[in-house]
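Take a look at the structure set out below.
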Amino acid sequence: MRISRLIPTSILVLALAAAASPASAAARLYIVQARTSAAARASVLSVHGALERELPIIHAVAARLDVEQ
């Protein structure tokens, strides 16, 4: 069964940048994937992240997020 069916409301976040130390507050580039691209976009905007690019084929967005977000 596909992950999107097992955990439909979960958001998968994959780091594109190298691992940062926990103390680093600099924003990093991530792919935020959800059931739909709109859901991924809403998740990023709900934590005041910066959208970089829409990735509709994989139902995701690229976003800049810091460790607090």
Query raised in the report: Residue separation times 0.36 nm, minus the C-alpha to C-alpha distance between Val67 and Ala25: what's the value?
Result: 14.5 nm
Report summary line: Per-residue accessible area, 1.4 Å probe, largest first, puts Leu65, Leu29 in the order Leu29, Leu65
Report summary line: Residue span Ser46 to Ile58: 0.36 nm per residue of separation minus Cα-Cα distance leaves a gain in nm of 2.3 nm
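The values are calculated or read from the model by the stated rules, or taken from the named source; none is laboratory data. Please read all numbers here as calculations on a predicted model, not as lab measurements. Surface accessibility is based on the protein's heavy atoms, side chains included, excluding ligands, DNA and RNA. Shrake-Rupley method; radii C 1.70, N 1.55, O 1.52, S 1.80 Å.
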